[in-house]
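Notes follow once the structure below has been shown.
The values are calculated or read from the model by the stated rules, or taken from the named source; none is laboratory data. No experiment lies behind these values; they were computed from the predicted model shown. Every residue, glycine among them, receives a Cβ derived from its backbone with ideal geometry; neighbour counts consider all protein chains shown.
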Amino acid sequence: EPEVTQTPSHQVTQMGQEVILRCVPISNHLYFYWYRQILGQKVEFLVSFYNNEISEKSEIFDDQFSVERPDGSNFTLKIRSTKLEDSAMYFCASSQTGYSAETQYFGPGTRLLVL
Amino acid sequence: KQEVTQIPAALSVPEGENLVLNCSFTDSAIYNLQWFRQDPGKGLTSLLLIQSSQREQTSGRLNASLDKSSGRSTLYIAASQPGDSATYLCAVIFQAGTALIFGKGTTLSVSS
């Protein structure tokens, strides 16, 4: 069964460093998402992406964050200058069309630790 | 503010019991509601999706209901098993959005 994959599974970085989290959505899906989950807290929406544009973003998704689909298979989340509070599990998700009837399929996550 | 709340936060039951997990949301104008399962340190597995026009969905031992007017959903698990132990998350897409808004989850422990 097709699934969303994410790399790396774990990343440790120093505060102020840039990190890029990578995702490979399900191949025929057109809508992509990033979410994060700080330890012990709710899963929070960051951004949705369709047709090479941001479709929706949350208040969390400030200028420190950016997303890109650099080729036909990868979808990336970049954090320019990491802060301690960026430590979280980051989930990528995809859906086929983005319509309300669609299930969003989640990847296994990247655990980011900022020291 | 659009929010999703789940009660209880934790639940422990003996194997074989039927149980109900609750989810409430603040705005009845929703596109759909999804129930997910999350195992410790793992990703999210979609269990059931209910569209706003539907009242319930079933998959195996799981049944999810939706009452938009009261802003509530329930996930019913029949004949619980130790393998059902996990955190169950409820998430809603409110109208005019694409984002899933999550509750904090109910952590279920089923003892053998």
The correct count of residues that are in a loop (DSSP other than H, G, I, E, B), surrounded by 13 or more Cβ atoms within 10 Å (Cβ to Cβ) and within 14 Å of chain B (Cβ to nearest Cβ) in region A:53-99 is 5
Which number in (1) within 13 Å of another protein chain (Cβ to nearest Cβ); (2) in a strand (DSSP E or B); (3) farther than 27 Å from A:Thr97 by Cβ marks the one condition that B:Gly41 misses? (2)
Take B:Ser65 and decide whether it is within 10 Å of chain A (Cβ to nearest Cβ) and either part of a strand (DSSP E or B) or more than 23 Å from A:Glu44 (Cα to Cα) (or both). no
For B:Thr98, the lone unmet condition from (1) at pLDDT below 95; (2) out of contact with any Asp or Glu (no Cβ under 8 Å at 6 or more places or on another chain) is (2)
Would you mind stating whether B:Ser24 is surrounded by 15 or more Cβ atoms within 10 Å (Cβ to Cβ) and free of Cβ contacts under 8 Å to residues at least 60 places away in the same chain? yes
Could you check, for region B:72-83, whether at least one of its residues is within 14 Å of chain A (Cβ to nearest Cβ) and out of contact with any helix residue (DSSP H, G or I) (no Cβ under 9 Å at 6 or more places or on another chain)? no
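The rows are residues; the columns are (1) closer than 30 Å to B:Glu56 by Cα; (2) among the small types (Gly, Ala, Ser).
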position: A:Phe45; (1), (2): yes, no
position: A:Tyr50; (1), (2): yes, no
position: A:Asn74; (1), (2): no, no
position: A:Gly109; (1), (2): yes, yes
Selection from region A:39-52 of residues in a strand (DSSP E or B) and not acidic (Asp, Glu) yields A:Val43, A:Phe45, A:Leu46, A:Val47, A:Ser48, A:Phe49, A:Tyr50
Among (1) within 12 Å of chain B (Cβ to nearest Cβ); (2) free of Cβ contacts under 8 Å to residues at least 40 places away in the same chain; (3) in contact with a helix residue (DSSP H, G or I) (Cβ under 9 Å, 6 or more places away or on another chain), where does A:Ile38 come up short? (2)
